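Please treat every number below as a calculation from the coordinates, not as lab data. Owing to the predicted nature of the structure, the values given are computational and were not obtained by experimental measurement. Cβ: placed from backbone, ideal geometry, glycine included. Neighbour counts: every protein chain shown.
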Amino acid sequence: MPKKNATSESTNSTPETAPTMTFERSLKELEQIVVRLESGELALEDALNEFERGIQLARQGQQTLQQAEQRVKILLNDDAQSPLSDFSPDTE
């Protein structure tokens, strides 16, 4: 009987197939990856694949948080006389 691939859950929704994945969904997936990695039951290759996906999600989440922080700074600008400008996310 073939062994179930533990990474199938995380590889079904890659950034290419789900470009509009929410921050909350990314965080939930990252938490699930951590649980699977900490269980110690994954084969080495599966663990490496999970780790790689986790790094992608962490970077994506960090970028989302940085953009949110920029938006908050714009909204909380102390200079009431300064004109509001459109927000444009960094494209890295």
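Assuming R0 = 35 Å, can you tell me the calculated FRET efficiency for the pair Ser88 and Ala43, based on Cβ-Cβ distance, to the nearest 0.05? For Ser88 and Ala43, the calculated efficiency is 0.20. Phi-derived couplings, Karplus 6.51 cos²θ - 1.76 cosθ + 1.60 at θ = phi - 60°, listed residue by residue for the stretch 52-64: 4, 4, x, 4, 4, 5, 5, 5, 4, x, 4, 5, 4 Hz, with x used for Gly and Pro.
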